[in-house]
Structure formats: C-alpha cells, structure tokens
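Peer 1: Let me give you the structure first, and then I'll get to my questions.
The values are calculated or read from the model by the stated rules, or taken from the named source; none is laboratory data. Keep in mind it's a predicted model, so treat the numbers as computed, not measured. Here Cβ is always computed from backbone atoms with ideal geometry, including for glycine, and neighbour counts include all displayed protein chains. Protein only, heavy atoms only, side chains kept; ligands, DNA and RNA dropped before computing areas. Shrake-Rupley method; radii C 1.70, N 1.55, O 1.52, S 1.80 Å.
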Amino acid sequence: MLVIGRRAGRGPLAFHTVGGDMSVNGINSGSFDFSKLQGSNAKTTAAGSAGVADFSSALKLQMANIQSQSVGTLVSSLQASSKVSGGANFADILGTGKTSGNSALDAMLGSAAGISGMNGISATGRNMSLFDPESAYRMMTNINTKAVNYKAESSEMTDMKAYVSALQREAITLGGTDASASGEEIQRRVQAFADAYNGWIQRFGSELQDGGMLAGTQAAKVSQWELEQSIANPFYGAKEGLHGMADLGLSIDPVTKLATVDNARLNATLANDKTAAMGALQDFTTHFAKAAELLNSDGNFINNRLDNLSRAIAYIDTNMTSLQAEFGLGDAAKPTGQVAKALASYNAKHGIG
C-alpha cells in the first residue's frame with residue numbers, strides 16, 4: 001500500500017510503502033521526497049534550512065533502483081525455474097532469442113495477456129514489467145497531480161508578487177504625506193493603504209489558511225506574516241511615546257486578518273501631538289515598504305519559489321512521456337476550485353491549450 005506522509009521537521013510530501021509494496025526508492029525502502037521537484041539549481045532562503053537536491057538526478061536514481069529491484073527479482077525467479085539451467089544472463093532476462101511462451105520470464109511479464117517487452121503499457125495504463133505496477137501507477141498519479149498543482153501555484157505566486165509590489169507603492173505614497181496635511185487628508189491616505197492591504201488579504205486569505213492552496217508554501221506564509229507584523233509592530237513612534245500604528249487607528253483584526261482604521265483614535269493622536277504621529281507614520285511606511293521590497297527581491301522568498309517552481313514544471317513537462325513509459329500512465333489530474341482557476345490562468349499566460 002502506498003502511503004503519503006511528511007518527514008518529521010521538514011514538510012515536503014513523501015511516498016512510503018507498507019506491507020511489501022514497491023516504493024519509489026525500491027522495494028520496501030524509505031521514501032520519495034517530492035521537494036526534489038524544485039530543480040537542478042534550486043535554492044532556499046530560510047536560515048538553517050536544508051538545500052533542495054537535484055530532482056533530475058534523484059529521480060533517475062529512484063528509477064534505476066526500481067529497475068534493479070525488478071531485474072533482480074526476475075533473475076531469482078529464472079534461476080529457481082526448472083526451465084533455466086545455470087545462471088541467467090541479461091539476454092535471458094530480456095527474453096532475447098527465446099520463444100514467447102517458453103520461459104518463466106514470459107509468464108511473469110504477462111505475455112499470455114498480450115503484454116510484450118519490459119516497458120509495455122497495458123490497456124489499464126500499468127507497466128506490467130515492473131515488480132509492483134500498481135504502486136508505480138499510483139506514483140505517476142501523484143506526479144500527474146503535482147504537474148498541475150505546481151503550475152497553479154506558480155500562477156498564484158506570480159499574482160502575489162504583483163500584490164506585494166502594489167502594497168509597497170501604497171506604503172511609499174502614505175509615507176509621502178506632508179506634515180502640514182489636514183487631518184482629513186491623513187485619514188484618507190491611511191484608509192487607502194488599509195483598503196489596498198485588505199485587497200491582498202481578500203485575494204489570498206483563504207488560500208493561506210490551513211487546507212488552502214498556498215497553506216504549505218513557505219514563501220506565501222512568510223509574506224503574509226511579515227506584512228501583518230509590519231503593521232502590528234508596537235514600536236513605531238516609541239521614542240515619542242506612541243505604540244505603533246495602533247495609536248494612529250490602524251490595526252489588524254485578529255480573526256479576519258483585515259486592516260481596520262479607527263478615525264477617532266487617529267484624530268485624537270494627531271490633535272495631541274501631530275509631530276509624533278507623523279514620525280510614527282514615517283517609521284511604519286519605511287519599514288513596510290522595505291519588507292515588501294525584500295520579499296520580492298532576487299533570491300528571496302517569492303522569486304526563489306517562482307524560480308524553483310519553473311524548474312520543476314520544466315522537468316516534469318520534458319520528462320513526462322518517459323516517466324509514464326517507465327512507471328505507467330497514472331490517473332489524469334482533475335483540478336477543481338481555485339486550483340482549476342489558477343491552472344487556467346497559467347495556461348493562458350503561457351499560451352497553453
């Protein structure tokens with residue numbers, strides 16, 4: 001039986017086997033780590049995190065292990081058969097020079113069912129030459145799903161990058177508020193920033209929650225957390241005796257995660273000490289704009305994730321035919337909801353379909 005799980009302390013999907021089924025690492029071996037779908041030059045940014053290995057080389061090694069296990073099993077069976085005298089050679093295993101129906105190998109490969117060759121795909125999409133074609137088929141089902149999910153995620157992360165850039169611009173605009181501006185003008189600008197932030201939360205909030213499409217994407221979760229903390233930081237204006245943007249009426253609802261503006265509190269702070277209020281506003285907007293810039297910078301969270309996704313997508317697209325020939329076709333992916341919508345967006349952007 002194929003079991004999908006996560007390695008302790010890590011998070012990427014892994015495929016395990018129980019009860020003698022074939023795993024991607026070979027018969028009854030450990031696991032196949034789909035985090036390796038990040039590509040040959042994948043990078044990580046979180047301090048202390050492990051680097052992502054070369055997926056191409058890793059998958060080829062897993063394929064070789066499966067082939068070795070399958071061939072080893074066939075050799076053992078042939079050597080034990082009364083139809084084979086002495087040691088079996090590779091030509092024997094491949095059936096070279098043998099007449100179909102006269103060898104133990106033919107029986108194991110299912111020639112009576114019309115299957116021929118080591119890589120013959122049956123009418124049900126299984127590669128019956130493998131020791132455990134059903135486990136291989138399930139693995140390909142998961143690869144088919146990953147191929148779709150990675151494209152959908154790439155589309156969403158591209159949109160997130162654009163939203164973060166828009167929030168950076170809003171922060172810069174708010175930070176440009178003149179100290180001589182009226183209370184009404186300051187209120188309008190703070191509300192405009194809150195509206196932009198809420199647009200970001202409404203666009204991605206459900207996807208970032210547990211079970212959402214981006215819930216397992218570190219770059220997305222870190223982006224949400226960093227920008228929220230930038231608003232909630234209580235130390236803006238501390239030297240003037242203020243307690244962050246909350247004293248200027250801007251706060252984050254702990255349940256909805258939406259930004260709210262308390263105009264009465266903002267007006268009271270402006271009336272009490274406008275210089276301190278504007279100093280806190282400048283501290284906040286400078287910090288927020290810098291946080292947004294870093295999230296989108298080369299080699300950092302969002303761009304790094306997009307780069308890794310593009311490598312994984314390219315590898316799967318390039319090798320899908322050979323993978324299916326090796327392990328079976330697998331069930332076709334059937335995306336629904338936001339995944340289907342994001343996939344359609346990805347395909348439209350890349351001229352697919």
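Peer 1: Quick one: in region 236-258, of everything that is aliphatic (A, V, I, L, M) and over 28 Å from the mean Cα position of the chain (by Cα), which residue is nearest to residue 192 (Cα to Cα)? Working first, answer last.
Peer 2: Keep residues of region 236-258 that are aliphatic (A, V, I, L, M), which gives 238, 242, 245-246, 248, 250, 252, 255, 258.
Next, from what is left, pick out any that are over 28 Å from the mean Cα position of the chain (by Cα): 238, 242, 245-246, 248, 250.
On the way: 238: 24, 242: 22, 245: 15, 246: 16, 248: 14, 250: 11 Å.
Per the criteria, the residue is 250.
Peer 1: So, one more: State yes or no: is residue 334 charged (D, E, K, R) and under 21 Å from residue 205 (Cβ atoms)?
Peer 2: Working: charged (D, E, K, R): yes; under 21 Å from residue 205 (Cβ atoms): no.
Against the criterion (charged (D, E, K, R) and under 21 Å from residue 205 (Cβ atoms)), residue 334 does not qualify.
Peer 1: Which pairs have Cβ atoms under 7 Å, sit 6 or more apart or on different chains, and link a residue in region 261-273 that is assigned to a loop (DSSP other than H, G, I, E, B) to one that is open to solvent by 70 Å² or more (accessible area, probe 1.4 Å) and among the acidic types (Asp, Glu)?
Peer 2: Qualifying pairs under 7 Å: 273/240.
Peer 1: Do you know which of the residues in region 168-185 that are assigned to a helix (DSSP H, G or I) and surrounded by 17 or more Cβ atoms within 10 Å (Cβ to Cβ) is nearest to the chain's Cα centre (by Cα)?
Peer 2: Going residue by residue through region 168-185, those that are assigned to a helix (DSSP H, G or I) are 168-175, 183-185.
The next check asks that each one be surrounded by 17 or more Cβ atoms within 10 Å (Cβ to Cβ); those that pass are 168, 170-171, 174-175.
Details: 168: 25, 170: 29, 171: 29, 174: 34, 175: 35 Å.
If we take residues in region 168-185 being assigned to a helix (DSSP H, G or I) and surrounded by 17 or more Cβ atoms within 10 Å (Cβ to Cβ), then 168 is nearest to the chain's Cα centre (by Cα).
Peer 1: Checking residue 223 against (1) free of Cβ contacts under 8 Å to residues at least 40 places away in the same chain; (2) within 20 Å of residue 163 (Cα to Cα), only one condition comes out false. Which one?
Peer 2: With respect to (1) free of Cβ contacts under 8 Å to residues at least 40 places away in the same chain; (2) within 20 Å of residue 163 (Cα to Cα), residue 223 is out only on (1).
Peer 1: Among the candidates 221, 151, which residue alone is under 24 Å from residue 298 (Cα atoms) and open to solvent by 50 Å² or more (accessible area, probe 1.4 Å)? So that I can check it myself, show each step before the final result.
Peer 2: Numbers: 151 fails: open to solvent by 50 Å² or more (accessible area, probe 1.4 Å).
Only one candidate passes the filter, namely 221.
Peer 1: Sticking with this structure for a sec: So which residues in region 207-220 are outside any helix (DSSP H, G or I) and closer than 23 Å to residue 251 by Cβ?
Peer 2: 209
Peer 1: Going through region 136-175 one residue at a time, which ones are more than 30 Å from residue 337 (Cβ to Cβ) and touching a residue at least 24 places away in the same chain (Cβ under 8 Å)?
Peer 2: If the condition is that a residue be more than 30 Å from residue 337 (Cβ to Cβ) and touching a residue at least 24 places away in the same chain (Cβ under 8 Å), then 171, 172, 174, 175 are the ones that fit.
Peer 1: Yes or no: residue 315 assigned to a loop (DSSP other than H, G, I, E, B), of a type in the set (Phe, Trp, Tyr) and touching a residue at least 12 places away in the same chain (Cβ under 8 Å)?
Peer 2: For residue 315, the condition - assigned to a loop (DSSP other than H, G, I, E, B), of a type in the set (Phe, Trp, Tyr) and touching a residue at least 12 places away in the same chain (Cβ under 8 Å) - is not met.
Peer 1: Got a number for residues in region 306-327 being open to solvent by 30 Å² or more (accessible area, probe 1.4 Å) and among the acidic types (Asp, Glu)?
Peer 2: Final tally of qualifying residues: 2.
Peer 1: Let me ask something else. So, of the residues in region 242-284 that are charged (D, E, K, R) and under 20 Å from residue 225 (Cα atoms), which turns out to be surrounded by the most Cβ atoms within 10 Å (Cβ to Cβ)? Don't jump to the end; show me each part of the working.
Peer 2: Taking region 242-284 and keeping what is charged (D, E, K, R), we get 247, 253, 257, 262, 265, 273-274, 283.
With the extra rule that they be under 20 Å from residue 225 (Cα atoms), the set shrinks to 253, 257, 283.
On the way: 253: 11, 257: 17, 283: 21.
Once the filter is applied, the top-ranked residue is 283.
Peer 1: Mind checking whether some residue in region 199-206 is within 21 Å of residue 252 (Cβ to Cβ), among the small types (Gly, Ala, Ser) and touching a Gly at 6+ places or on another chain (Cβ under 8 Å)?
Peer 2: Yes, the conditions are met somewhere in region 199-206.
Peer 1: Does region 126-138 hold any residues that are within 13 Å of residue 325 (Cα to Cα) and either assigned to a loop (DSSP other than H, G, I, E, B) or under 18 Å from the mean Cα position of the chain (by Cα) (or both), and which are they?
Peer 2: 126, 128, 129, 130
Peer 1: Just checking, which of 155, 165 is among the polar types (S, T, N, Q), farther than 22 Å from residue 267 by Cβ and either touching a helix residue (DSSP H, G or I) at 6+ places or on another chain (Cβ under 6 Å) or not in a helix (DSSP H, G or I) (or both)?
Peer 2: 155
Peer 1: Of all residues in region 295-307, which are within 19 Å of residue 228 (Cα to Cα) and without any contact (Cβ under 8 Å) to a residue 12 or more places away in the chain?
Peer 2: Of everything in region 295-307, just one residue is within 19 Å of residue 228 (Cα to Cα) and without any contact (Cβ under 8 Å) to a residue 12 or more places away in the chain, namely 297.
Peer 1: Related question: Name, by its number, the condition in (1) in a helix (DSSP H, G or I); (2) without any contact (Cβ under 8 Å) to a residue 40 or more places away in the chain; (3) more than 28 Å from residue 250 (Cα to Cα); (4) of a type outside the set (S, T, N, Q) that does not hold for residue 123.
Peer 2: (1)
Peer 1: Does residue 330 meet the test of being over 30 Å from residue 232 (Cα atoms), part of a loop (DSSP other than H, G, I, E, B) and open to solvent by 40 Å² or more (accessible area, probe 1.4 Å)? Don't jump to the end; show me each part of the working.
Peer 2: Details: over 30 Å from residue 232 (Cα atoms): yes; part of a loop (DSSP other than H, G, I, E, B): yes; open to solvent by 40 Å² or more (accessible area, probe 1.4 Å): no.
So residue 330 fails the test.
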